[in-house]
Amino acid sequence: MKKADKKMRRTDSLKNNIYLLSIVWKTVPARVVLTFVLQLLSFASWTFYTVVFMRYLFGSDSGNRTFEEAILFVWIVAVIGVLQHLFEAWFYMRYIPLTDIRIHYALNKMLFDKAMSVDISCWNDPDFYDDYTRATNEAVSRSLSVIWSLGEFTASVLSSAFVIFTMCEITWIALPFLFLPVFGQMVFYKRLWEKNFQCEQAQVPYRRRYDYVNRTVYLKQYAEEMRLTHMYDIMTDTYEQAYGNVKKVIRKFSLVRIVNGVIGGILCYPLAFQGMWLCGAILVMVTKTLPLGDFVVLSSAIVSANWMLDSVSRSINTLYENGLFAGTFKRFLCHSPKMDETAPGKLPTFPIETIEIKNVSFRYPGQTKYALKNISLTFESGKKYALVGLNGSGKSTLVSLIMRLYDPTEGAIYVNGTDIRSYDIQKYRACIGATLQNFSIFAATVLENVMMDTVETDEQRAACVQALQESGVLERIQALQSGPDTILTREFDPEGAVLSGGENQKIAIARAFAHNPPIIILDEPSSALDPIAEHHVYETIAHLCSQYDPSRGKISIIISHRLSSATLCDHIYVLQNGALMESGTHTELYAAGGIYKELFEKQAQNYREDSTNE
């Protein structure tokens, strides 16, 4: 069974290396060919100088050559060497940097595309994230290593075979001293490489924590809070724990790595070198069965043979390790999402008249508790809806299901009577304009941050400007150095603009309306605004949501802890602990004296107390 498993692992490793090689071949086929050529030239050159060159000048047949023949030979070798060095200089200094960046771009583009196609739930899976971390960190280096190692393996096998043949042609006694480095490489160094890989794998979860702390200390978004609080101490504790765990992993593998490295090194170098030289000295000085010139060739050839056999073993072990990594890389790229972002489907029909939530329950992956349980409700075109409830009641989860960032665990969501899972997911999401609770501002122009796409036409530009006007931030944007074309953030552009939290939120609100979508979802759209700006924004939102387009329809869903905003809506749904508890207009729910009235009065009391304190 163990032999079968090893054979399977070797087969899988070979397939995985071929897989990585095929990716590079599709990107830059000449890079593969030229790398093989360079490796062959490198090993041929080493073989030539340490064996052929030495044997020509000092071997047993060298006495039959004239001095002029030797000088001519040396000059020819020198010219060829200069041409080889010119080729290597061009290859390393120009060709490699240019093709490296092409390979880097192609592989990372594959990873980016895959990352955008997998389920959002994957980002909460530590195993998936470990695979993604390894893929992004090592894809380029491992792919380049496959090319290099395959070329090294091919060239070193051919060269070492020639050197070994030459040594055995001089004396068969050289054979045992060639076996020692092979044994050392294939047994002990191979085990060393396996333990190195296991050690690196075991460190990945801790290095992710290590890298997380690096990011939080480095990025501006965390800087202020870390200075105002003791969060820096917590981060450094996390850093120290991760650092300590990395050291524990290294210590765990250190003894077995040292043992295999030392034994392999002794077999490959002192025993092989000293043994061959001692044996050669006996043949020359004691038995006098070996000419001195052949001894010089043997002395040089044993070093060459050992180095080449070391290259054979090293390339095999590197390919084996690359194969193990490629398994992770393939697993990430071949991950089959539950929700295929690229799958074809039906096109949404307009106008959007209804969104129906039917018996929907949802549980986040890896969780046992339901975030939503048996929810049934309806959103109708031409109306504004409010989702209210305490934190953790399931409001944001519900709109995430409507936006199809997740699929229900049970039940279904229907738009115009059609299960949204049958729609083309990209076309369906294009029907939704959303302002997310945890929105992001990107290092792009104001217009691109509003359109969330390239702004190519005058119509798109006008729509963005109108959305900025309606969200109440256009005057501030026009005052910037390049107006709506100003880059936001200064991460890459020292002339970029850094806006306040409220101004950024208004840009996020403008996103929801720039496309004039038939479904509007606003998740806490006023959390960063002052009361006056909040009142203005909700008046604007109410106005925009009331602009009904008969050809497309309009359904507006607003999540807010500020229940005053709910009074602007036509219908209110009250959620608590993942269940729908109440439903009706503001007047109806207030009169019912239930959860909504209690929440509304508590919030109103807080406002009254704040006003009194002022």
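The values are calculated or read from the model by the stated rules, or taken from the named source; none is laboratory data. Note that the structure is a prediction, hence the values are computed from the model and not measured. Positions of Cβ are backbone-derived with ideal geometry, glycine not excepted, and every protein chain shown enters the neighbour counts.
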Residues in the stretch 93-120 that are in contact with a Leu (Cβ under 9 Å, 6 or more places away or on another chain) and over 17 Å from ALA139 (Cα atoms) total 3
Checked ALA510, ALA467 against criteria (outside the structural domain of VAL388 (by TED's automatic domain parsing) and not in a loop (DSSP other than H, G, I, E, B)); the one match is ALA467
In the stretch 296-324, anything under 18 Å from the mean Cα position of the chain (by Cα) and either at pLDDT below 75 or at positive phi (or both) is listed as LEU324
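Matching residues to (1) farther than 30 Å from GLU380 by Cα; (2) of a type in the set (D, E, K, R); (3) in contact with a Pro (Cβ under 7 Å, 6 or more places away or on another chain):
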residue	(1), (2), (3)
LYS247	yes, yes, no
ALA301	yes, no, no
ASP310	yes, yes, yes
ALA326	yes, no, no
LEU347	no, no, no
THR354	no, no, no
Listed by first then second residue, the pairs whose first member lies in the stretch 228-250 and is assigned by TED's automatic domain parsing to the domain that holds GLN198, whose partner is part of a helix (DSSP H, G or I) and among the aliphatic types (A, V, I, L, M), with beta carbons under 6 Å and at least 6 positions apart or on separate chains, are TYR232/MET226; MET235/VAL213; THR238/VAL213; TYR239/VAL213; VAL249/ALA202
Contact list, first residue from the stretch 31-53 and within 17 Å of ILE170 (Cα to Cα), second anywhere and of a type in the set (Gly, Ala, Ser) and crowded, with 19+ Cβ neighbours inside 10 Å, beta-carbon distance below 7 Å, six or more apart or interchain, is THR47/SER159; THR47/SER304; THR50/ALA301; THR50/SER304; VAL51/ALA301; VAL51/SER304
Selection from the stretch 549-601 of residues modelled with pLDDT of 90 or more, within 23 Å of ALA512 (Cβ to Cβ) and part of a helix (DSSP H, G or I) yields HIS586
Considering only strands (runs of 3 or more DSSP E) wholly within the stretch 281-394, the ones with at least 3 residues that are over 30 Å from SER526 (Cα atoms) and outside the structural domain of HIS543 (by TED's automatic domain parsing) are none
- Evaluate the following for SER440: is it of a type in the set (Ser, Thr, Tyr) and part of a loop (DSSP other than H, G, I, E, B)? yes
How many residues of the stretch 81-130 are surrounded by 13 or more Cβ atoms within 10 Å (Cβ to Cβ) and either among the hydroxyl-bearing types (Ser, Thr, Tyr) or closer than 30 Å to TYR49 by Cβ (or both)? The answer is 12
